[in-house]
1. Can you give me the number of residues within the stretch 57-71 that are within 13 Å of GLU33 (Cα to Cα) and either over 26 Å from the mean Cα position of the chain (by Cα) or outside any helix (DSSP H, G or I) (or both)?
2. What pairs come out if I take residues in the stretch 72-101 that are on the phi > 0 side of the Ramachandran plot and pair them with residues that are crowded, with 18+ Cβ neighbours inside 10 Å and of a type outside the set (D, E, K, R) whose C-beta lies under 7 Å away, six or more apart or interchain?
3. Taking GLU62, is it within 22 Å of ARG17 (Cβ to Cβ) and either surrounded by fewer than 18 Cβ atoms within 10 Å (Cβ to Cβ) or β-branched (Val, Ile, Thr) (or both)?
4. Is it the case, given these coordinates, that GLU220 is over 19 Å from TRP152 (Cα atoms), assigned to a helix (DSSP H, G or I), of a type in the set (Asp, Glu) and at pLDDT below 90?
5. Out of ARG198, ARG193, which single residue is outside any loop (DSSP other than H, G, I, E, B), closer than 22 Å to LEU108 by Cβ and at pLDDT below 95?
6. If I ask for residues that are under 15 Å from the mean Cα position of the chain (by Cα) and among the small types (Gly, Ala, Ser), which ones from the stretch 89-128 would you list?
7. Cβ-Cβ below 9 Å, separation at least six or inter-chain, first residue in the stretch 191-207 and in contact (Cβ under 8 Å) with a residue 60 or more places away in the chain, second of a type in the set (Asp, Glu): which pairs?
8. Within the stretch 80-150, considering only helices (runs of 4 or more DSSP H) that don't extend past its boundaries, which have at least 2 residues that are hydroxyl-bearing (Ser, Thr, Tyr)?
Amino acid sequence: MRARAPVAARLLEIAWRDESNEYAPGLRLLAPELRGALARVMVATAVGLCGRDLDSANVQVERLIAVQVDSASRREWRSTFLARTWSRQSPCTGGRSAQRIGVTPELLPRMQAALARHDTAEIRVMWSQIKKVRVGAAPDSYSVDATYQEAWVLAACGLAAEAGEQLDLVLASMPLASTRLTLEVDQATALVRALRLRADLYKRQGRSVDAERYVRLARELAGPEPGARDEVGVTAPAS
């Protein structure tokens, strides 16, 4: 996945130009350079590129916003096109990127921001609220991307059992959700990351056979990636 990120970003930017693309409202109207930079940020975020690659993509898009988006519209522009990306970057930033979103009714970015503050009690409260809302919902209706992000927050703040339980619930429903995974690149890449996270949690429990099974599944889905890690580390934000 990671080795093919530049190609994926280019294809995404091309797809956004298509007027019939229902997933790209407003994107085709952006200046080509800004549209391309936004595609690179979104792909880097989706596949979990952290460090210098992600920082470079973020800096580039901010540089173009300063030049191509008028100052009165920048806050709304970022809210429309970048807020979800900031949330998704939390495994790379320890939740600090989600703090850029500000006040929001959405519980996931609030959980991520709470992680950056080391507020485990607040995360527990919000996770309880999420579970109440989902009572009776079919697991295959859950977003794989949101599931991965939620599980990562839970694991990062020490709630590994809850993280594993949520991953197991949703991963078991994958055959039913295959159509959405085929259509949405962020869901497909999130599935690979979720499998790697589950492997990492099993490894921490000393369950090496189960860990290797999920590593193998992730590797089969992602394809050959020279230099890529098989596990996604569960790391709490630095103090």
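The values are calculated or read from the model by the stated rules, or taken from the named source; none is laboratory data. None of the values given here were measured: they were computed from a predicted structure. Note that we place each Cβ from the backbone using ideal geometry, even for glycine, and neighbour counts take in every protein chain shown.
1. 3
2. The qualifying pairs are GLY94/LEU115; GLY94/ALA116; GLY95/GLN112; GLY95/ALA113; GLY95/LEU115; GLY95/ALA116.
3. Values: within 22 Å of ARG17 (Cβ to Cβ): no; either surrounded by fewer than 18 Cβ atoms within 10 Å (Cβ to Cβ) or β-branched (Val, Ile, Thr) (or both): yes.
It is false that GLU62 is within 22 Å of ARG17 (Cβ to Cβ) and either surrounded by fewer than 18 Cβ atoms within 10 Å (Cβ to Cβ) or β-branched (Val, Ile, Thr) (or both).
4. Working: over 19 Å from TRP152 (Cα atoms): yes; assigned to a helix (DSSP H, G or I): yes; of a type in the set (Asp, Glu): yes; at pLDDT below 90: yes.
When the stated conditions are applied, GLU220 passes them.
5. Numbers: ARG198 fails: at pLDDT below 95.
Matching residue, one of ARG198, ARG193: ARG193.
6. Of everything in the stretch 89-128, those that are under 15 Å from the mean Cα position of the chain (by Cα) and among the small types (Gly, Ala, Ser) turn out to be SER90, GLY94, GLY95, SER97, ALA98, ALA113.
7. Between residues of the stretch 191-207 that are in contact (Cβ under 8 Å) with a residue 60 or more places away in the chain and residues that are of a type in the set (Asp, Glu), the close pairs are ARG193/ASP145.
8. On the way: elements: 83-88, 90-93, 107-116, 120-133.
Hits in the stretch 80-150: 83-88, 90-93, 120-133.
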